[in-house]
Amino acid sequence: MTRLCGGNDGGAVRVKGTVRRPVREWTASVHALLRHLERMGFPGAPCVLGVDELGREILTYLEGETMGDAPVWPPWSRTEETLVQVAEWTRAYHETVASFVPPPGARWRTGASWTPGAVVVHNDATPWNAAWHRGRLTGFFDWDFAGPATVDSDVAWMAHAWVPLHSRRVTETEGLCDFDARPARLRLFLDAYGWRGSTDSVIKEIQARMRVRAAQIRRLGASGEGLYARLLRGGVADDLDQAIHELHDFPR
Ligand SMILES: Nc1ncnc2c1ncn2[C@@H]1O[C@H](COP(=O)(O)OP(=O)(O)O)[C@@H](O)[C@H]1O
Ligand SMILES: [Mg+2]
């Protein structure tokens, strides 16, 4: 058994070519989603192999490099080629998940419930949850935050994660300082996705999601323990407020 690098929540270990992760209240719903993706032949997510004798979920290992515990983005995650591949992954994902209807009573960590017209999306498909192998994005692991959303808000959130459109302070901490490149990177992402809406609506969607996330971190982090408390102590809610403010001036 080897502990895999990276992870900000439950973490993961590798056992004989498989990945084992803690089962949580939403795991059964996530498995229904991952099984749908597998049935549809979508290659960009782990497959579910079951639950082991210790009660952990068993998933296939996505081949490739990951960010692990790196504080700054590795070279592969910064290129335009990867940005285009992430947009293509998002497009293919939306096509695949369109036919997924969650099982009755499905529970999602985000707390959102599915209604016809919504899609279940990853919600945390950042460079920290990506695998990359020989010049190609293999896919995304860590589906714990999967939950219902609209396609439009998912496009916006994916763009935010990969352009990226965090606050300048956060972006600098991640080793990405070419702020002038961001409008062109956003355009590249949206064109590669095949986005037909306006850039303005994408920016507004990102700001709306940031508001919800900041409020959620403040609400759930107030208890002083767990993931949200760590995020709150790390200043993530304040960084989101700052990003919302900075995006008001983003070229569109
Ligand atoms: N299916 C997978 N394929 C390849 N690597 C994985 C997979 N799942 C997890 N990992 C590795 O384990 C690390 C921690 O897993 P992750 O699911 O992201 O934990 P957390 O929920 O704590 O963020 C990841 O950064 C990655 O390196
Ligand atoms: Mg993770």
I need the full set of residues from segment 212-235 which are surrounded by fewer than 13 Cβ atoms within 10 Å (Cβ to Cβ) and of a type in the set (Lys, Arg), in order please. ARG219, ARG233
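Which residues, taken from segment 3-21, are within 16 Å of ligand 2 (Cβ to nearest atom) and either among the charged types (D, E, K, R) or touching a strand residue (DSSP E or B) at 6+ places or on another chain (Cβ under 6 Å) (or both)?
Of everything in segment 3-21, those that are within 16 Å of ligand 2 (Cβ to nearest atom) and either among the charged types (D, E, K, R) or touching a strand residue (DSSP E or B) at 6+ places or on another chain (Cβ under 6 Å) (or both) turn out to be ARG3, LEU4, ASP9, GLY10, ALA12, VAL13, ARG14, VAL19, ARG20, ARG21.
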Does ALA118 meet the test of being of a type outside the set (Ser, Thr, Tyr), surrounded by fewer than 23 Cβ atoms within 10 Å (Cβ to Cβ) and either over 18 Å from GLN207 (Cα atoms) or touching an Asp or Glu at 6+ places or on another chain (Cβ under 9 Å) (or both)? yes
Suppose we keep only residues that are small (Gly, Ala, Ser) and more than 13 Å from ligand 1 (Cβ to nearest atom) within segment 27-60. Which one would you say is farthest from the chain's Cα centre (by Cα)? GLY55
Of the conditions (1) touching a residue at least 12 places away in the same chain (Cβ under 8 Å); (2) more than 12 Å from ligand 1 (Cβ to nearest atom), the single one that ARG24 does not satisfy is (2)
Go through segment 145-179 and count every residue that is aliphatic (A, V, I, L, M), more than 24 Å from ALA45 (Cβ to Cβ) and not in a loop (DSSP other than H, G, I, E, B). 1
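Being in a helix (DSSP H, G or I), more than 17 Å from the chain's Cα centre (by Cα) and modelled with pLDDT of 95 or more is the requirement here; does ARG196 meet it? I'd like the intermediate steps shown before the answer.
Values: in a helix (DSSP H, G or I): no; more than 17 Å from the chain's Cα centre (by Cα): yes; modelled with pLDDT of 95 or more: yes.
No.
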Just a yes or no: is a residue in segment 199-214 among the aliphatic types (A, V, I, L, M), within 16 Å of ligand 1 (Cβ to nearest atom) and in a helix (DSSP H, G or I)? no
Okay, strands (runs of 3 or more DSSP E) sitting entirely in segment 7-113 with 1 or more residues that are among the small types (Gly, Ala, Ser), I get 48-51
When the residues of segment 134-148 are filtered to those that are touching an Asp or Glu at 6+ places or on another chain (Cβ under 9 Å) and within 10 Å of ligand 1 (Cβ to nearest atom), which remaining residue is farthest from GLY10 (Cα to Cα)? THR138
Exception for ALA98 within (1) assigned by TED's automatic domain parsing to the domain that holds HIS166; (2) within 21 Å of ARG134 (Cα to Cα) falls at (2)
Taking segment 61-84 as the search range and keeping residues that are surrounded by 15 or more Cβ atoms within 10 Å (Cβ to Cβ) and more than 16 Å from ligand 2 (Cβ to nearest atom), which one is farthest from LEU4 (Cα to Cα)? VAL84
How many residues are farther than 18 Å from THR173 by Cβ and assigned to a helix (DSSP H, G or I) when one looks only at segment 215-243? 10
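Given VAL170, VAL163, which one is surrounded by fewer than 18 Cβ atoms within 10 Å (Cβ to Cβ), within 26 Å of GLY235 (Cβ to Cβ) and modelled with pLDDT of 95 or more?
Criteria check complete, one pass: VAL170.
The values are calculated or read from the model by the stated rules, or taken from the named source; none is laboratory data. Please read these numbers as outputs of a predicted model, since none were measured by experiment. Cβ sites come from the backbone with ideal geometry, for glycine too, and all protein chains shown count toward neighbours.
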